[in-house]
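Structure first, then comments.
The values are calculated or read from the model by the stated rules, or taken from the named source; none is laboratory data. Bear in mind that the values here come from a model prediction, so they are computed numbers and not experimental data. As a convention, Cβ positions derive from the backbone with ideal geometry for all residues, glycine included, and neighbour counts pool all protein chains shown. Ligands, DNA and RNA are stripped out before the accessible areas are found, and what is left, the full protein with its side chains, is counted by its heavy atoms. Shrake-Rupley method; radii C 1.70, N 1.55, O 1.52, S 1.80 Å.
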Amino acid sequence: MRTVTLGISSLEDTRRRAAAAFRGEHVGEFISFASVDLLWRVLTTKRWDILRAMTGQGEMAIREVARRVGRDVKAVHGDVQALLAVGVLDHTESGRVLFPYDAVHVDFTLCKAA
(Lines give C-alpha, C1' and ligand atoms only; values in the text may rest on other atoms or scores of the structure.)
Protein backbone atom coordinates (compact mmCIF):
# COMPACT_ATOMS: atom_id res chain seq x y z
CA MET A 1 0.00 0.00 0.00
CA ARG A 2 1.33 3.42 -0.97
CA THR A 3 0.77 6.06 1.68
CA VAL A 4 1.61 9.74 1.31
CA THR A 5 2.13 12.03 4.27
CA LEU A 6 0.80 15.56 3.92
CA GLY A 7 2.42 17.89 6.36
CA ILE A 8 4.19 21.06 7.30
CA SER A 9 7.90 21.14 6.67
CA SER A 10 10.59 23.76 6.59
CA LEU A 11 12.77 24.04 3.53
CA GLU A 12 15.67 22.66 5.57
CA ASP A 13 13.65 19.60 6.65
CA THR A 14 12.62 18.98 3.06
CA ARG A 15 16.24 19.25 1.91
CA ARG A 16 17.37 16.84 4.64
CA ARG A 17 14.73 14.31 3.62
CA ALA A 18 15.70 14.64 -0.06
CA ALA A 19 19.40 14.18 0.75
CA ALA A 20 18.60 11.03 2.73
CA ALA A 21 16.56 9.68 -0.17
CA PHE A 22 19.45 10.35 -2.57
CA ARG A 23 21.70 8.36 -0.22
CA GLY A 24 19.29 5.44 -0.64
CA GLU A 25 17.58 5.74 2.73
CA HIS A 26 13.85 5.03 2.87
CA VAL A 27 12.13 8.27 3.87
CA GLY A 28 8.58 7.61 2.71
CA GLU A 29 6.48 9.77 0.43
CA PHE A 30 5.70 13.34 1.42
CA ILE A 31 3.86 16.36 0.11
CA SER A 32 4.99 19.26 2.26
CA PHE A 33 3.60 22.73 2.80
CA ALA A 34 5.39 25.70 4.32
CA SER A 35 2.57 26.44 6.79
CA VAL A 36 -0.73 25.11 8.08
CA ASP A 37 -2.43 28.11 6.48
CA LEU A 38 -1.02 27.18 3.08
CA LEU A 39 -2.06 23.54 3.50
CA TRP A 40 -5.66 24.58 4.23
CA ARG A 41 -5.66 27.15 1.41
CA VAL A 42 -4.62 24.49 -1.11
CA LEU A 43 -6.57 21.57 0.35
CA THR A 44 -10.05 23.04 0.61
CA THR A 45 -13.01 20.89 1.62
CA LYS A 46 -14.00 20.32 -2.02
CA ARG A 47 -10.43 19.38 -2.96
CA TRP A 48 -10.34 16.91 -0.05
CA ASP A 49 -13.48 15.37 -1.56
CA ILE A 50 -11.60 14.99 -4.84
CA LEU A 51 -8.65 13.31 -3.11
CA ARG A 52 -11.00 11.01 -1.20
CA ALA A 53 -12.70 10.00 -4.45
CA MET A 54 -9.37 9.41 -6.21
CA THR A 55 -7.42 7.64 -3.44
CA GLY A 56 -6.52 4.14 -4.59
CA GLN A 57 -8.59 4.42 -7.78
CA GLY A 58 -5.97 4.82 -10.50
CA GLU A 59 -6.09 7.40 -13.26
CA MET A 60 -9.39 9.10 -14.07
CA ALA A 61 -10.90 11.53 -16.50
CA ILE A 62 -11.94 14.81 -14.89
CA ARG A 63 -15.53 14.07 -15.91
CA GLU A 64 -15.39 10.85 -13.84
CA VAL A 65 -13.94 12.72 -10.86
CA ALA A 66 -16.79 15.24 -11.12
CA ARG A 67 -19.36 12.41 -11.24
CA ARG A 68 -17.87 10.77 -8.14
CA VAL A 69 -17.93 13.97 -6.09
CA GLY A 70 -21.30 15.11 -7.45
CA ARG A 71 -20.07 18.43 -8.78
CA ASP A 72 -20.01 20.40 -12.02
CA VAL A 73 -17.18 19.37 -14.40
CA LYS A 74 -15.99 22.96 -14.85
CA ALA A 75 -15.68 23.54 -11.09
CA VAL A 76 -13.88 20.21 -10.58
CA HIS A 77 -11.58 21.05 -13.49
CA GLY A 78 -10.51 24.24 -11.67
CA ASP A 79 -9.81 22.36 -8.45
CA VAL A 80 -7.93 19.61 -10.30
CA GLN A 81 -5.77 22.25 -12.02
CA ALA A 82 -4.93 23.76 -8.62
CA LEU A 83 -3.97 20.32 -7.25
CA LEU A 84 -1.86 19.61 -10.34
CA ALA A 85 -0.08 22.97 -10.00
CA VAL A 86 1.14 22.17 -6.49
CA GLY A 87 2.05 18.56 -7.26
CA VAL A 88 -0.70 16.82 -5.31
CA LEU A 89 -2.13 15.22 -8.47
CA ASP A 90 -0.26 13.92 -11.50
CA HIS A 91 -1.21 14.28 -15.16
CA THR A 92 -0.91 11.03 -17.13
CA GLU A 93 0.14 10.54 -20.75
CA SER A 94 -3.43 9.60 -21.60
CA GLY A 95 -4.63 13.04 -20.48
CA ARG A 96 -6.22 11.79 -17.28
CA VAL A 97 -5.35 12.69 -13.71
CA LEU A 98 -3.90 10.47 -11.02
CA PHE A 99 -3.56 10.52 -7.25
CA PRO A 100 -1.10 7.63 -7.02
CA TYR A 101 -1.66 6.75 -3.37
CA ASP A 102 -3.81 4.23 -1.53
CA ALA A 103 -3.86 6.19 1.72
CA VAL A 104 -3.21 9.69 3.04
CA HIS A 105 -1.70 10.55 6.41
CA VAL A 106 -1.84 14.16 7.58
CA ASP A 107 0.88 15.16 10.04
CA PHE A 108 1.43 18.50 11.74
CA THR A 109 1.53 19.91 15.25
CA LEU A 110 -0.49 22.91 16.32
CA CYS A 111 1.29 24.99 18.96
CA LYS A 112 0.11 27.85 21.13
CA ALA A 113 0.26 31.31 19.62
CA ALA A 114 3.34 33.39 20.36
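Couplings 3J(HN,Hα) for region 83-98, derived from phi with the Karplus relation 6.51 cos²θ - 1.76 cosθ + 1.60 (θ = phi - 60°), are 5, 5, 4, 9, x, 6, 10, 10, 9, 8, 4, 7, x, 8, 10, 9 Hz, where x marks Gly and Pro. Extension gain, residue 20-residue 63: 0.36 nm per intervening residue step, less the Cα-Cα distance, totals 11.6 nm. Taking Cβ atoms as reference points and 10 Å as the exclusive limit, the residues near residue 49 contribute a net charge of +4, counting Lys and Arg as +1 and Asp and Glu as -1. Averaged over its residues, the chain has an accessible area of 64 Å² per residue, based on protein heavy atoms and a 1.4 Å probe.
Close amide H pairs (under 5 Å, H built 1.01 Å from N) link residue 31 with 5, 6, 7, residues at least 5 positions away or on another chain. Across region 45-58, rounded Karplus estimates of 3J(HN,Hα) from the backbone phi angles (6.51 cos²θ - 1.76 cosθ + 1.60, θ = phi - 60°) give 4, 5, 6, 4, 4, 5, 4, 4, 5, 9, 4, x, 9, x Hz, Gly and Pro being marked x.
In the chain, the DSSP beta bridges split such that about 25 percent are antiparallel, to the nearest 5.
Between 79, 13, 49, where does the largest GNM mean-square fluctuation fall for the chain, given springs only between Cα atoms within less than 10 Å? Most flexible of the set in this elastic network: 13. Computed from backbone phi, the HN-Hα couplings of region 73-80 come to 4, 4, 5, 5, 4, x, 5, 5 Hz, rounded to whole numbers (Karplus: 6.51 cos²θ - 1.76 cosθ + 1.60, θ = phi - 60°; Gly and Pro given as x).
The ratio of the alpha-carbon radius of gyration of region 36-106 to the globular-protein estimate 2.2 N^0.38 Å is 1.01. In this label model, residue 111 and residue 91 are separated by 3.8 nm, measuring between points 7 Å along each Cα→Cβ vector.
For the pair region 1-16 and region 96-114, the centres of their Cα atoms are 9 angstrom apart.
Using a Förster distance of 41 Å, how high is the FRET efficiency between residue 11 and residue 77, based on the Cβ-Cβ distance and rounded to 0.05?
Calculated transfer efficiency: 0.85.
Split the accessible area of the chain by element, probe 1.4 Å, and carbon with sulfur accounts for 52%.
How would you classify region 1-42 from its alpha-carbon gyration tensor, with a ≥ b ≥ c the square roots of the eigenvalues: rounded for a/c under 1.5, else prolate if a/b is greater than b/c, otherwise oblate? Since a/c reaches 1.5 but b/c is at least a/b, the shape of region 1-42 is classed as oblate.
Here residue 30 sits with roughly 90 square angstrom of accessible surface, probe radius 1.4 Å.
Between the helical axis of 11-22 and the longest alpha-carbon principal axis of the chain there is an angle of about 90 degrees.
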